[in-house]
Amino acid sequence: MTTMYRVTDPATGQVAEEFPTATDAEILAALDRSATTFDEWSRTTVAERAALLTRVSEIYAERAEELAEVIRLEMGKSVPEGKGEVQLSSMIYKYFADNAEAFMADEPLRGPKDATAMIRRKPVGSLLGIMPWNFPYYQVARFAAPNLALGNTILLKHAPQCPRSAQIMEEIFIEAGLPAGAYINIYASNEQVADIILPDPRNHGVSLTGSERAGAAVAAEAGKNLKKVVLELGGSDPYILLDTDDVQKSAKTFFNTRMGNTGQACNSPKRMIVMDDIYDDFVSSITEAAKKNTPAVPGEEGSRLSPLSSVAAADRFVEQVQDTVSEGATLLAGGKKYDGGGAYVEPVVLTDVQKGMRGYYEELFGPAVIVYKVSSEEEAVELANDTPFGLGAAVFSTDIARAERVGDQIDSGMVFLNAPEGSREYLPFGGVKRSGVGRELGPLAMDEFVNKQLVYKQS
């Protein structure tokens with residue numbers, strides 16, 4: 001079988017390492033081992049599972065430099081940003097270790113005096129995770145930490161360009177003391193997911209973070225086999241600036257947030273909606289920042305502009321921008337790849353993007369800033385909601401009541417007021433509309449793949 005899994009340095013386009021795609025027999029063996037280990041793992045106490053997840057958290061912290069270097073080579077993330085991702089992943093494992101017992105506590109129900117009723121949370125079995133390349137450790141932690149704390153077991157199919165980090169994560173779980181079958185890394189093909197794993201009764205659900213197309217395909221197969229799904233898909237998040245005491249500072253905050261991970265984040269603020277009285281100054285500041293943001297060696301301290309994840313991703317991004325400009329948008333900065341090879345692209349600033357243009361509804365997964373001018377709160381809300389996505393949003397104003405009033409009208413799974421969008425271990429993450437279904441992180445994460453069993457006792 002031709003391998004899909006390879007490490008390709010996006011800074012050079014050179015293949016560094018290849019891993020063999022699993023055979024059908026290996027996938028079936030992994031399913032069997034995951035299901036068998038569930039019988040053992042689900043009978044451990046919550047405290048025992050929490051202790052092991054605490055050790056996972058410690059290992060991530062201890063190996064931060066090494067882990068960051070791995071994903072620098074796999075998908076181009078700068079080492080400082082990579083270390084930040086590893087730290088957040090460590091915090092996620094520790095959060096669920098610390099809170100699992102409280103989250104799984106029996107929930108009493110009110111009823112007649114001669115009866116007792118409660119909701120008891122129990123694990124459901126072996127789960128499949130399908131994870132993307134943009135945050136190789138963090139995305140897995142969001143799925144794995146709460147479900148391992150519950151007592152579920154996991155098969156993890158990572159992105160084909162992240163095979164080294166995928167292998168290391170399995171090794172960390174084993175090093176921490178989890179049974180070898182509690183978390184199994186599989187180099188599976190899409191066909192093996194659809195034809196072998198999802199139809200198998202030993203699989204009890206699937207969580208996917210990725211594109212709309214991938215989410216729709218997996219959800220269709222899961223539904224056909226009566227399996228639950230959690231989907232975290234695309235985003236075109238609005239960042240609404242109603243007013244500010246310092247336009248340049250606001251522009252800098254937005255630009256730095258948008259350039260995180262070179263713009264390759266589902267909840268990155270992809271549409272800047274600015275009131276007309278500050279629009280010109282804002283656009284000028286953003287354009288100046290974009291022109292100064294030039295490539296640096298991946299991993300260099302202070303570098304904000306790393307390559308995109310692959311040459312193919314860079315080519316698609318440039319094509320989206322060029323098509324949008326050809327349709328009438330104004331390009332104020334960027335718009336092409338840098339000379340010298342690899343997946344480096346110039347940061348883009350676009351204005352005058354209208355309905356019908358490619359950049360209006362498509363998610364630009366790269367360092368692109370699109371700025372819109374509005375003249376009222378109503379116009380800002382209408383524009384913010386005019387998207388097939390509904391992941392997150394941010395609203396800024398010197399008047400917090402005004403920010404709350406506007407934020408309350410946004411159709412999204414998350415709203416941040418006077419703060420850039422971000423991810424924290426205690427904040428539920430997820431969206432509405434075509435951004436997906438379900439929630440990860442925070443107390444809601446352990447309510448997804450769980451049997452909420454009713455226990456009723458009558459005296």
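The values are calculated or read from the model by the stated rules, or taken from the named source; none is laboratory data. What you see is a predicted model, and the numbers here were worked out from it, not measured in a lab. Counting neighbours? That spans all protein chains shown, and the Cβs are built from the backbone with ideal geometry, glycine included. Please note that ligands, DNA and RNA were not included when accessible areas were found on the heavy atoms of the full protein model with its side chains. Shrake-Rupley method; radii C 1.70, N 1.55, O 1.52, S 1.80 Å.
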**Message:** Taking the condition of being under 28 Å from residue 51 (Cβ atoms) and under 18 Å from the mean Cα position of the chain (by Cα), how many residues in the range 163-189 meet it?
**Reply:** 3
**Request:** Please specify each residue of the range 321-350 satisfying the condition of being crowded, with 19+ Cβ neighbours inside 10 Å and polar (S, T, N, Q).
**Result:** 324
**Item:** Residue selected from the range 173-183 under the condition buried (at least 22 other Cβ atoms within 10 Å of the Cβ) and hydrophobic (A, V, I, L, M, F, W, C), by the criterion nearest to residue 61 (Cα to Cα)
**Value:** 173
**Asked** Failed condition for residue 12, given (1) of a type in the set (S, T, N, Q); (2) at pLDDT 95 or above; (3) surrounded by 14 or more Cβ atoms within 10 Å (Cβ to Cβ), with all others met?
**Response** (2)
**Request:** Select from the range 140-164 the residues that are closer than 23 Å to residue 309 by Cβ and in contact with a Pro (Cβ under 6 Å, 6 or more places away or on another chain) and write down the one among them that is surrounded by the fewest Cβ atoms within 10 Å (Cβ to Cβ).
**Result:** 159
**Fill in**
Here the residues within the range 241-276 that are surrounded by fewer than 22 Cβ atoms within 10 Å (Cβ to Cβ), in contact (Cβ under 8 Å) with a residue 24 or more places away in the chain and charged (D, E, K, R) are 243, 245, 252, 276
**Complete:** Residue pairs within 6 Å by beta carbon, gap of at least six or interchain, first lying in the range 364-379 and more than 23 Å from residue 313 (Cα to Cα), second open to solvent by 20 Å² or more (accessible area, probe 1.4 Å) and not aliphatic (A, V, I, L, M), listed first then second, are 373/276; 373/279; 375/276
**Request:** Answer yes if at least one residue in the range 109-128 is touching a residue at least 24 places away in the same chain (Cβ under 8 Å), of a type in the set (D, E, K, R), within 18 Å of residue 138 (Cβ to Cβ) and in contact with a strand residue (DSSP E or B) (Cβ under 8 Å, 6 or more places away or on another chain), and no otherwise.
**Result:** no
**Prompt:** In the set 117, 105, which member is open to solvent by 10 Å² or more (accessible area, probe 1.4 Å), in a loop (DSSP other than H, G, I, E, B) and of a type outside the set (Phe, Trp, Tyr)?
**Reply:** 105
**Complete:** Only one of (1) crowded, with 20+ Cβ neighbours inside 10 Å; (2) at pLDDT 95 or above; (3) assigned to a loop (DSSP other than H, G, I, E, B) does not apply to residue 77, and that is (2)
**Message:** Quick check on the range 19-26. Is at least one of its residues surrounded by fewer than 16 Cβ atoms within 10 Å (Cβ to Cβ) and in contact with a Ser or Thr (Cβ under 8 Å, 6 or more places away or on another chain)?
**Reply:** yes
**Fill in**
The number of residues in the range 178-204 that are of a type in the set (A, V, I, L, M, F, W, C) and assigned to a strand (DSSP E or B) is 1
**Fill in**
Reported set for the range 430-449 where residues are open to solvent by less than 20 Å² (accessible area, probe 1.4 Å) and touching a residue at least 60 places away in the same chain (Cβ under 8 Å) is 430, 431, 435, 436, 440, 441, 445, 446, 449
**Prompt:** For residue 231, all conditions in the list (1) in a strand (DSSP E or B); (2) open to solvent by 10 Å² or more (accessible area, probe 1.4 Å); (3) on the phi > 0 side of the Ramachandran plot hold save one; what is the number of the exception?
**Reply:** (3)
**Message:** Please go through (1) more than 30 Å from residue 381 (Cβ to Cβ); (2) without any contact (Cβ under 8 Å) to a residue 12 or more places away in the chain; (3) of a type in the set (Gly, Ala, Ser) for residue 216 and return the number of the only condition it doesn't satisfy.
**Reply:** (1)
**Request:** Could you tell me whether residue 128 is part of a helix (DSSP H, G or I), of a type in the set (A, V, I, L, M, F, W, C) and either modelled with pLDDT under 95 or closer than 30 Å to residue 10 by Cα (or both)?
**Result:** no
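Please go through the range 399-433 and give me each residue that is assigned to a loop (DSSP other than H, G, I, E, B) and either out of contact with any strand residue (DSSP E or B) (no Cβ under 9 Å at 6 or more places or on another chain) or over 27 Å from residue 100 (Cβ atoms) (or both), ordered by number.
As a first pass, look at the range 399-433 and keep what is assigned to a loop (DSSP other than H, G, I, E, B): 399, 408-413, 418-428, 430-431.
Those that are assigned to a loop (DSSP other than H, G, I, E, B) and either out of contact with any strand residue (DSSP E or B) (no Cβ under 9 Å at 6 or more places or on another chain) or over 27 Å from residue 100 (Cβ atoms) (or both): 399, 408, 409, 410, 411, 412, 418, 419, 420, 424, 425, 426.
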**Complete:** For residue 328, the lone unmet condition from (1) outside any helix (DSSP H, G or I); (2) under 23 Å from residue 383 (Cβ atoms); (3) touching a Leu at 6+ places or on another chain (Cβ under 9 Å) is (3)
